[in-house]
Amino acid sequence: MSSTLALLISELDAIDGWPAERWAETLRQITKLFLHRAQGLAADQIALFDDVFVRLIGRVDNCSLAQLSEQFSEAKCALPRSARLLALHGDPSVWLPILKCVRLAPELILEVVQAGGPKHRLAIAQRQTVDAAVSEALLQGANPAIYHALVENLGARLPDADWARLVQIAEQDTPLVQKLARRSDLPEPLKRKIRAKLEDARMRHLNAMPGVMREQIENTIATADPAKLLAGSGQPDYARAQAEMIELGRKGKLNDSTINRFALRGEYTNIVAALALKTGSPVDVILPLLASDNLEGLVLACKASRLDWATAAAIIRHRPGQPPVAPAELEKARKTFDEFSLSAAQRTVRF
């Protein structure tokens, strides 16, 4: 076979004027032969095949090269010169498949990192494995997408210095901090630093939330239309309802069970009165929160009233005049309910 390939090389060098279709067909036939024999080829035979493909790569269209790159990425042996031409090609459909090949020579990967574009480097950061030399080269560029790809890539085995570099970069990138926190192989001192960073961010977020929510609630009170909540139910007697809630409270019965029952029965005059009493806010504050499409204010009123989530969800789901709440919105409301402390909710909704 070696003599046949050598003869083929000399013939290819002598050919001039073949149409692109004939070159593409020649490439297909030789690729088929190579893939069939790849596992048992000797070093000199691999070199000869490499020579043949080098001559063909420059004579076929990108579609044929993309197919060749895909086939090479799964071959049992690598052809270094041909792989280099494909890996440094300008068309992503050509270079992307070969860059996924596990048999690429380390020196070729480093060459692509240094000579290729940002998309080449991102593809290398997403390879099945990334060794220390490659990660070090990748981190030389200021490309956040590569930082995130390396941290997300469980096959990336970075040295401590590279992890430290990523932790330093994450000082200005909270999502990167969160991804680093999920890496079990992060060195322990860096894990402690990441945990401290996350806790600090969480506390700053929680401390800022009451002010943000207060503004949202004030906007809700100013813009919501409470009339649609109780349309058709006559003029509600809040004074009477509040007196009843005070009496229930005196008897220790103004609890989750009672308020949940009010929600299921659609007794929203009682719910308005109950939330007003338990939050210390006037009825004119509670009514818009019940009528608004924005659930955060109502959720915080329920939290401030010391209700549990099941009762809060019942109040949200059964509001008269309101469409069904989407599961995603309800889950968002639950997250708000869980994140706010009782004291923060009470400060936020007390007017």
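Annotations
Conditions (1) exposed (fewer than 11 other Cβ atoms within 10 Å of the Cβ); (2) modelled with pLDDT of 90 or more; (3) touching a helix residue (DSSP H, G or I) at 6+ places or on another chain (Cβ under 6 Å), marked per residue:
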position: Trp23; (1), (2), (3): no, no, no
position: Thr26; (1), (2), (3): no, no, no
position: Arg37; (1), (2), (3): no, no, no
position: Ala43; (1), (2), (3): yes, no, no
position: Arg55; (1), (2), (3): no, no, yes
position: Gly58; (1), (2), (3): yes, no, no
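- Residues that are in a loop (DSSP other than H, G, I, E, B) and of a type in the set (S, T, N, Q) were ranked within the stretch 287-328; the one that is modelled with the highest pLDDT is Ser305.
- Residue that is surrounded by fewer than 22 Cβ atoms within 10 Å (Cβ to Cβ), among the small types (Gly, Ala, Ser) and part of a helix (DSSP H, G or I), where the choices are Ser343, Ser281: Ser343
- Some residue of the stretch 82-91 being surrounded by fewer than 17 Cβ atoms within 10 Å (Cβ to Cβ) and in a helix (DSSP H, G or I): no
- The stretch 109-130 residues that are without any contact (Cβ under 8 Å) to a residue 24 or more places away in the chain and on the phi < 0 side of the Ramachandran plot, paired with ones that are part of a helix (DSSP H, G or I) and surrounded by fewer than 21 Cβ atoms within 10 Å (Cβ to Cβ) (beta carbon under 8 Å, 6 or more apart): Gln114/Ala137
- Lys278 more than 16 Å from Ala345 (Cβ to Cβ) and either touching a Lys or Arg at 6+ places or on another chain (Cβ under 7 Å) or of a type in the set (Lys, Arg) (or both): no
- The set of residues in the stretch 99-115 being over 16 Å from Ser69 (Cβ atoms) and either in contact with a Leu (Cβ under 8 Å, 6 or more places away or on another chain) or not assigned by TED's automatic domain parsing to the domain that holds Glu74 (or both) consists of Glu111, Val113, Ala115.
- The C-beta contact set for the stretch 36-52 (first residue assigned to a helix (DSSP H, G or I), second residue exposed (fewer than 15 other Cβ atoms within 10 Å of the Cβ) and of a type in the set (Ser, Thr, Tyr), distance under 8 angstrom, 6+ apart or interchain) comprises Asp44/Ser2; Gln45/Ser2; Leu48/Ser2.
- Test: residue in the stretch 231-243 that is assigned by TED's automatic domain parsing to the domain that holds Leu342 and in contact with a His (Cβ under 8 Å, 6 or more places away or on another chain): no
- Residue within the stretch 258-266 that is touching a residue at least 40 places away in the same chain (Cβ under 8 Å), within 15 Å of Thr348 (Cβ to Cβ) and among the β-branched types (Val, Ile, Thr) present: no
- Some residue of the stretch 329-339 being in contact (Cβ under 8 Å) with a residue 24 or more places away in the chain and not in a helix (DSSP H, G or I): no
- Candidate set from the stretch 110-130 (those that are over 20 Å from the mean Cα position of the chain (by Cα) and among the aliphatic types (A, V, I, L, M)); member that is farthest from Ala87 (Cα to Cα): Val130
- Scan the stretch 255-268 for residues that are surrounded by fewer than 22 Cβ atoms within 10 Å (Cβ to Cβ), touching a Leu at 6+ places or on another chain (Cβ under 9 Å) and part of a helix (DSSP H, G or I) and the total you get is 3.
- Of all residues assigned to the stretch 142-155, at least one qualifies as being surrounded by 14 or more Cβ atoms within 10 Å (Cβ to Cβ) and over 18 Å from Arg182 (Cα atoms).
The values are calculated or read from the model by the stated rules, or taken from the named source; none is laboratory data. All values reported here derive from a predicted model rather than from experimental measurement. Here Cβ is always computed from backbone atoms with ideal geometry, including for glycine, and neighbour counts include all displayed protein chains.
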